[in-house]
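Novice: Quick one: structure below, then a few questions.
Throughout, read-outs are computed from the coordinates displayed, never taken from laboratory work. The structure displayed is predicted, hence computed values, not measured ones. Note that we place each Cβ from the backbone using ideal geometry, even for glycine, and neighbour counts take in every protein chain shown.
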Amino acid sequence: MVWHRIDGIRQRLLGLPRRHKRTLQVIVDVFLVWIALWMAFVVRLGEFDVVHPFAGHGWLFICAPLIALPLFIRFGMYRAVMRYLGNDALIAIVKAVSLSALLLALVVYWYRDSTVAVPRSMVFNYWWLSLLLLGGLRLVMRQFFMGDWFDPSLKQSRTRGDNRVRVAIYGAGAAGNQLVAALRTGRSLLPVAFIDDDSSIANRVIAGIRVFKPKHIQQMIDETGASEILLAIPSASRARRREVLGMLEPFPLHVRSIPGFMDLASGKVKVDDLQDVDIADLLGRDAVPPQQALFERCIKGQSVLVTGAGGSIGSELCRQIMACGARVLILFEHSEFNLYSIHRELERRIVREALQLQLVPILGSIRNAARLQDVMRTWRVDTVYHAAAYKHVPMVEHNIAEGVLNNLLGTLNTAQAAIKSGVENFVLISTDKAVRPTNVMGSTKRLAEMVLQALSREAAPALFNDGSGVHHVNKTRFTMVRFGNVLGSSGSVIPLFREQIKRGGPVTVTHPNITRYFMTIPEAAQLVIQAGSLGEGGDVFVLDMGAPVKIVDLAEKMVKLSGLSVRSNSNPHGDIAIEFSGLRPGEKLYEELLIGDNVQPTEHPMIMRAHEEYLDWDVFKERLADLLASVEADDFVRVRQLLRETVNGYVPDGEIVDHIYVQRRTEV
C-alpha cells in the first residue's frame, strides 16, 4: 500500500500545471542553495552547529539565491522536463552552478574586510555541494517520475496492466543506452536485457539491465520473457548486420531496428522510429560509395530530364540528380498523382536546402513524340534518363499491345526527340529480364536496347533520317544500363510478403526454386548515373548485383524475423504457411544479366561493359514497322513471331494470354 501511495503522489505531481511545477522547482532550489551554503561552513569548520554559520554571515544566505536563481533561469534549468532530463540539462546545471559560485566568490572578496571573515575554502565547498544537491536531486526525481524502479511488485503489476512488450536490445553501446532511455520514457516497450558481442561486459549490468552474450539468447528469453529484439548497431556494415540476423533467425523473436547513426547522434531517437528490419540487411550488400567525378559528369550545371519521374527508380534518380547540382530538372510523368507526389517532395527539399535548381513538372506520355521534342528543345536538355516503362511481367503479358507501344515505341520516340533536340547524353534504364526473355515485357525492353544500339551506330557522326524527310545530325551518346529487381519498388515481392505476414499468412511464392537478383533503389540509381557517364555510344552496361537470392529463403527469413515460425510438414503447428502458386505467365525461374560471355570491367568496380549483338538501323526499322503494324491490327500471333525473329533467345513458354486476344477467341 505504501508503494501505491507513493505512486499516487508521483501521478499528482505529474498532473500539476507547468507553472506550478516551475514554482515548486524554484522553491526547492532556494532551499538546496541554503543547505549547500550551510553544509559548506559545516565541512570547513568541522562543527555541526545549525546557528553558527548565520553568526555574521546571514547576508550570504540572502546573496546566494539572488545570484544563483537568475543564472539557473538563464541556463534553462526550469525548461527541462524532469522525466526526460538528459546530458544537455546536466551540463547546463554544471555551468549555472559554477558561474553562481564564482560570482559568490567575488562578492565574498568585495566584503573581505567585514568583521566576520569568510573562509576561502567555503566557496569551493559550496560549489561541489550545490552540484551534488541540485544535480543529484534532479537525477533521483527523473527516476522517480519514470516509475517502476522503486517497487518490483508495482513494476510487474503495471507491466501486466498496460501490456508492455518485453524487448531485448542487441548492442550495449551508446546507441543501445540511448534507446533504453527513450524506451523508458514511453509506456509501450519494456527493455529487459542487452545482448552484446563484447565478452568484457558479459553478465554485467548496464542502465539496470543485464548484458547477455549472443550464445545465451535462449537463456535470456527464458529468464526475461523477451518477445522482441531491437538492433542498436546503426554503424555496423550490412554484412555484419546480415550475420547478426542469421544468428537471431532460429529464435522466436520479432526483430526490429533503430534509425540511422546520425539520428541517434542528434538525440532524435523515439520509440515510434523503430522499424522492421531492412531487407537489404538480409542480403548483406554494402553499397560502394559513388565516384564523384562520374556522378556529376552528366548532371552538374546541366539541364536534365527524367522520364517516368514518379516511379520507383525515376523518383530516386531525381533525388540523386538534385544532389549533383543540376541547373534544371524536368520531371516527365504520365501519372498525375505520381508527378504531384515527387514534385511536392522535391519542392520541399529545394526550400529546405536552399538549392539553386529550376524544377519543372511535365505531365505527358512518351507515346507523344511531339510533346517530348517540345520539352527537350524548350529547356535545352543536356541529359535524358529514360526510366518510363511498363515493368510488371504478368500485366504486360495480358496487355501485349500496350507493352509494345509504351516500352518500344515510347523509347523510339524519346530517342528520336533527343537526337532532334541535340541532347548529349541518353541513358536507358533496362532490366535483366531483357536477357533471353520468356515474356513480352523482357522482349520489349531488349528491343528498346536494340533501338538505341542501332541509332547509335547509324548516325554518329553522320546524318540521321527519321523518315520525315528531315535530316538531323546525331550527337547523342546512347547508353543502356541493365540490373535486376530493386527492393521496395512498386512491383517488389517484399511489401507483399510483409502484408501477408501481417494478415497471418499464407505467404505465396510462385515456385520453390525461383531466384532473383536484388539491389536497393538508391544504390541502383547511383550506379545508373555513373554508368551513364562511362558510355561512349551504344554501350550496354551491367550492374554487379551480387549473388541471386532464392525467394522462398527470403520469405522464410522474413517470417522468422517477425517472431513467427514457418508452418511445414516438419513443423505442422507453425504460425505462417508458405504456399507455392506456380509461375505466372511469362515468368522465369531465374534471371540473367548477360546474353553472351563477352563482358569487360570498367573503372567502376560495380559496373561492367557488355558487348551484345544488334541489327543495323535499315534492317531494324523495317522489322519495327512490321511489329507496330501487327500491334495496331491486334495480330498477336504475328507479334509473337516477330519477337522471336528479332530478340535473341526469346522463347515464350505458354499460350498467348492477352486479354483482347483471349476474349475474341472465346467469342468465336
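Novice: Using the 10 angstrom Cβ neighbour count as an exposure proxy, how do SER98, SER430, SER443, SER200 rank, fewest first?
Specialist: SER200, SER98, SER430, SER443
Novice: In what sequence, highest mean first, do 562-572, 322-332 appear when ranked by Cβ atoms within 10 angstrom? Could the numbers behind the result be given before it?
Specialist: Details: 562-572: 13.5, 322-332: 20.8.
Listed from highest to lowest mean packing, they are 322-332, 562-572.
Novice: Starting from a Cα-only point model with no solvent, please compute log10 I(q)/I(0) by Debye for segment 531-626 at q = 0.16, 0.17, 0.25 1/Å.
Specialist: So the normalised log intensities are -0.89, -0.93, -1.24.
Novice: At a 10 Å Cβ-Cβ cut-off, how would you order ASP616, ASP544, fewest neighbours first?
Specialist: Sorted ascending by nearby Cβ count, the order is ASP616, ASP544.
Novice: Counting other C-beta atoms within 10 Å, which of VAL509, VAL540 has the fewest, and how do the rest follow? Mind showing how you got there, number by number?
Specialist: Values: VAL509 22, VAL540 26.
Lowest count first: VAL509, VAL540.
Novice: Ok, one more. What order, most packed first, do the peptides 547-553, 370-376 have when packing is the mean number of other Cβ atoms within 10 Å of each residue?
Specialist: Highest-to-lowest ranking by the protection proxy: 370-376, 547-553.
Novice: Just to confirm a number: summing +1 for Lys and Arg and -1 for Asp and Glu over residues other than ALA293 whose beta-carbon lies under 15 angstrom from that of ALA293, what do you get?
Specialist: Details: positive: ARG297, LYS300; negative: GLU296, GLU603.
My count for the surroundings of ALA293 gives 0.
Novice: Calculate the translational D of segment 292-646 in whole µm² s⁻¹ from Stokes-Einstein, where the hydrodynamic radius comes from the Kirkwood formula applied to all Cα pairs, the temperature is 20 °C and the viscosity 1.002 mPa s.
Specialist: Answer from the Stokes-Einstein relation: 101 µm²/s.
Novice: Let me ask you something else. Hey, got a sec? Which chymotrypsin sites (Phe, Trp or Tyr not before Pro) in segment 498-594 land in a DSSP loop and have at most 13 other Cβ atoms within 10 Å?
Specialist: Answer in residue order: TYR590.
Novice: Hey, another quick one. With 5 Å bins from zero, work out the P(r) of segment 278-391 over every alpha carbon pair and list the percent per bin.
Specialist: Histogram of Cα-Cα distances, whole percents per bin: 2, 11, 22, 22, 19, 13, 7, 3, 1, 0.
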